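The values are calculated or read from the model by the stated rules, or taken from the named source; none is laboratory data. Since we're looking at a predicted model, the values are computed, not measured. Every residue, glycine as well, gets a Cβ built from its backbone with ideal geometry; the counts of neighbours run over all protein chains shown. What goes into the accessible areas is simple: the full protein's heavy atoms, side chains included, and nothing from ligands, DNA or RNA. Shrake-Rupley method; radii C 1.70, N 1.55, O 1.52, S 1.80 Å.
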Amino acid sequence: MGSSLLATDGYKFSMAEAGWPLRRETFYYSHRKGGQQVMPLDLESYVRSLLPAPTESDYVYLAHNSYEMGAGFKAAIQRKDSLVIRALPRGARFYSREPVFTLTGSSALVSWLEPLLLQLNFRIQVATQALADREALAKALAVLSCEEEKRIVLETLDAVGVKPVPISVDTEGYHARVVAVVRDLVDAVQDPSRIFEVGLRAATCLEQHEIALRACKEAGVMRTSNVYLAQKLGMIPVGTMGHEHVQRYGADEAAFRAIRERRPERSSYLLDTYDTLSSGLPTAFRLIHEEPGAGDSIRFDSGDKKKQYVQAVSRAKEEGIKPVLILEDGLDAQTTREFEALRTQYGWESSKQFYGYGGFIVARTMASPFTRDRVAAVYKLSRTGHQPTMKFGNELAEGKQSIPGVPVVFRRRSGSGPIGLIGQEGEPVPEGYELLSGATPEAAAAIPASGAEEHRVAYTPATQALVTELRHRHFPQGPAHHS
């Protein structure tokens, strides 16, 4: 039957209109941490079951909420038959940073899937724990947030051949915890309209997210990135730009101008795709100077956000501009109060400073420890058209850079070396390795297991060459001093 077209984040629609919805692109899914994990699903079937089934009423709703979609998007979202899925087989073990699967298809379609696909991390964590330690599994799953979460758990345990553990569902308890957290955030900023929720990617399922959003609404927060639930609950859908948009254009200025010049709505400039202070911030300010009354915003998303904030506010005051400031990623009530203190210290208007929260509202309030942050699940653009691309951001030294190209996994079968190699589609299989991406479950099961000391993953020469090329293109004099 498929998913509602609205069951994604609002920024997916704005980026499609400011990008190339029909361009062929590749995204990949990976866990940045968590060690050895197991894939419990046939990913081909699972991904195809999530594909959107758009209706005319969906497009009417989008148009009424600042997301009017053009002919390119509408055609792209229907190109399901051209979607190519390269995935690890059901039952395969994988390691941190390895690409679990890639999707190649029309830009609008493969981008649209991100929030729903990131929810896979919950199933994977349940399966991995089930095969490792039943006692720990029972403890982790003793109390769940909703019936849909329980259904997912039981389905996953059946898939890996593990008997169910005792599970209770405490929806009221989860709802109450979310209400308490959101009220604390509202207390920190003194105005619920300055808060928006972006937790669809942190949720385990849509039912859990609906409970969280009902709690947000009860606490006075009315804005969410989840377009489907915004419609259902009478909330306001929000979102403008993600890292993929900047990667698509290959430079901050081209990306920022596209979002401003191809959409009539206010623009929001995401600063950290390449480097916040040396590229994102000065570029955003140049555009804001061109139309100072447009009400555009800048968004801080990674790195030392306090340092970035101080530099941005100081520079804006010197230059006589007043962009709206948006803070996201890793915020909690304490850091919110700290940023409010900075706002007061620097005399920035409260009406020009907003906060977005995802996992803090949706995931940290879960009784189960199986959150997205626990494994750092990501879904990243790796190729746009024929051009490989990657995110560098402000975390180059911390291993948060993404993988370019069309990545595949080679698993070591014999000899020495890393247990996993991240290569490129079509690259010759290295000696002693087998191609795991796209292999059958039987072939994957035949590859010998390895000891914990061998759980090291590396790039093949082809992947490393792409990384080196892109790094040199964006940092020709070497990486900037990341902040």
Checklist outcome for this item: Expected output for the range 50-63 (first residue without any contact (Cβ under 8 Å) to a residue 60 or more places away in the chain, partner part of a helix (DSSP H, G or I), Cβ below 8 Å, 6+ apart or cross-chain) is Pro54/Lys74; Tyr59/Lys74
Checklist entry - In the range 372-386, how many residues are among the aliphatic types (A, V, I, L, M) and either touching a Gly at 6+ places or on another chain (Cβ under 8 Å) or without any contact (Cβ under 8 Å) to a residue 12 or more places away in the chain (or both)? => result 2
Checklist entry - Just checking, which of Ala108, Ala132 is over 26 Å from Pro388 (Cβ atoms) and small (Gly, Ala, Ser)? => result Ala132
Next on the checklist: Suppose we keep only residues that are in a strand (DSSP E or B) and within 23 Å of Arg177 (Cα to Cα) within the range 345-382. Which one would you say is farthest from the chain's Cα centre (by Cα)?
Outcome noted: Phe354
Checklist entry - If the Cβ limit is 6 Å and pairs must be 6+ apart or interchain, which residue in the range 184-210 that is within 18 Å of His31 (Cα to Cα) pairs with which residue that is aromatic (Phe, Trp, Tyr) and part of a helix (DSSP H, G or I)? => result Thr204/Phe122
Checklist entry - Which members of the range 183-208 meet the condition of being under 22 Å from the mean Cα position of the chain (by Cα) and open to solvent by less than 50 Å² (accessible area, probe 1.4 Å)? => result Ile195, Phe196, Glu197, Val198, Gly199, Leu200, Ala202, Ala203, Thr204, Cys205, Gln208
Next on the checklist: If I ask for residues that are modelled with pLDDT under 95, touching a Leu at 6+ places or on another chain (Cβ under 9 Å) and either exposed (fewer than 12 other Cβ atoms within 10 Å of the Cβ) or in a helix (DSSP H, G or I) (or both), which ones from the range 442-467 would you list?
Outcome noted: Ala443, Ala444
Checklist entry - If you take the residues in the range 212-224 that are of a type outside the set (Asp, Glu) and open to solvent by 20 Å² or more (accessible area, probe 1.4 Å), which one is farthest from the chain's Cα centre (by Cα)? => result Gly220
Item to check | Residue that is nearest to the chain's Cα centre (by Cα), among those in the range 233-284 that are farther than 30 Å from Met222 by Cβ and of a type in the set (D, E, K, R) | outcome: Arg248
Checklist entry - What number of residues in the range 9-45 are in contact (Cβ under 8 Å) with a residue 40 or more places away in the chain and closer than 25 Å to Ala127 by Cβ? => result 18
Item to check | helices (runs of 4 or more DSSP H) completely within the range 225-335 that count 2 or more residues being within 21 Å of Arg194 (Cα to Cα) and either open to solvent by less than 10 Å² (accessible area, probe 1.4 Å) or of a type in the set (Gly, Ala, Ser) (or both) | outcome: 227-233, 305-319
Checklist entry - Mind checking which pairs have a first residue in the range 308-329 that is closer than 20 Å to Gly242 by Cβ and a second that is buried (at least 20 other Cβ atoms within 10 Å of the Cβ) and β-branched (Val, Ile, Thr), Cβ under 6 Å, 6 or more apart or different chains? => result Gln308/Thr276; Pro323/Ile288; Pro323/Ile298
Checklist entry - Residue check, Arg151 against (1) surrounded by 18 or more Cβ atoms within 10 Å (Cβ to Cβ); (2) closer than 18 Å to Ser368 by Cβ, all met but one. Which one? => result (1)
Checklist entry - If we keep just the residues of the range 124-140 that are in contact with a helix residue (DSSP H, G or I) (Cβ under 7 Å, 6 or more places away or on another chain) and open to solvent by less than 20 Å² (accessible area, probe 1.4 Å), which is nearest to Val375 (Cα to Cα)? => result Gln125
Next on the checklist: Considering only the range 59-80, I want to know if a residue exists there that is open to solvent by 40 Å² or more (accessible area, probe 1.4 Å), over 28 Å from Phe256 (Cα atoms), part of a loop (DSSP other than H, G, I, E, B) and modelled with pLDDT of 95 or more.
Outcome noted: yes
